[in-house]
Amino acid sequence: MIFTSNFRTAGHLPQAVAISAGVPRGWTGRRYTALAPSRRLVKIMDERVFTRLYRAEVLDKLDPMQVIRDLGGDNFIMCCWEPPGEFCHRRVVAAWLRKHTGVRVEEFMPDFKRHAAWLRGLQERKRYEPTDETIPDWPGA
């Protein structure tokens, strides 16, 4: 699944990818600055004006399928600063991805059963990924 969220809600998760120009102090997670709006755009208060300019200056220059591949296929959370429910460029990105790829991008809510189950599944899968120590030496290999 692909999600959006803010740093407070999901920034601590390994699936978090910062898509903003700035990141929290001490951030060690992944970044994808190609989706970050410029400081000039961030200062625009009118949502319609921001959306139009953000699409023209950022999104229209990107291939949505390549963005998904770059970010991790189908297991990532695009993060920036604004709390859930407030206007934010991450939701503009979500709408753009849906329009051009058909992929539904939801706001990550860890209390939602489906979202929590997705996260548990990733954690369980990671726990059981084979390592060099768990892969047997096969004869003739």
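The values are calculated or read from the model by the stated rules, or taken from the named source; none is laboratory data. Predicted, not measured: the structure shown is a model, and the values here were computed from it. For neighbour counting, all protein chains shown are included, and Cβ atoms are generated from backbone atoms with ideal geometry for every residue, glycine included.
Here are a few things to note about the model shown:
- Residue that is farthest from Gly11 (Cα to Cα) [pool: residues in the range 95-109 that are assigned to a helix (DSSP H, G or I) and either touching a residue at least 60 places away in the same chain (Cβ under 8 Å) or among the polar types (S, T, N, Q) (or both)]: Thr101
- Exactly one residue among Gly22, Gly11, Gly29 is within 29 Å of Asp111 (Cβ to Cβ), among the small types (Gly, Ala, Ser), surrounded by 15 or more Cβ atoms within 10 Å (Cβ to Cβ) and over 11 Å from the mean Cα position of the chain (by Cα), and that residue is Gly29.
- Residues that are surrounded by fewer than 16 Cβ atoms within 10 Å (Cβ to Cβ) and in contact with a strand residue (DSSP E or B) (Cβ under 9 Å, 6 or more places away or on another chain), drawn from the range 96-105: Arg98, Val103, Arg104
- Cβ pairs under 8 Å, 6+ apart, first in the range 14-41 and under 17 Å from Arg91 (Cα atoms), second of a type in the set (Phe, Trp, Tyr) and in a helix (DSSP H, G or I): Ala16/Phe7; Ala18/Phe7; Pro37/Phe50; Pro37/Tyr54; Leu41/Phe50; Leu41/Tyr54
- For Glu57, the conditions (1) modelled with pLDDT of 95 or more; (2) under 16 Å from the mean Cα position of the chain (by Cα) are fulfilled apart from (2).
- Of the residues examined, Val93 is one that is surrounded by 15 or more Cβ atoms within 10 Å (Cβ to Cβ), on the phi < 0 side of the Ramachandran plot, of a type in the set (Val, Ile, Thr) and at pLDDT 95 or above.
- Scanning the range 47-67 for residues that are under 13 Å from Val105 (Cβ atoms) and either small (Gly, Ala, Ser) or crowded, with 18+ Cβ neighbours inside 10 Å (or both) gives a single hit, Val67.
- Considering the range 64-102, the residues that are among the β-branched types (Val, Ile, Thr) and within 13 Å of the chain's Cα centre (by Cα) include one that is nearest to Leu53 (Cα to Cα), namely Val92.
- Looking at Ala36, Ala16, just one residue is surrounded by 13 or more Cβ atoms within 10 Å (Cβ to Cβ), touching a strand residue (DSSP E or B) at 6+ places or on another chain (Cβ under 6 Å) and of a type in the set (A, V, I, L, M, F, W, C), and that residue is Ala16.
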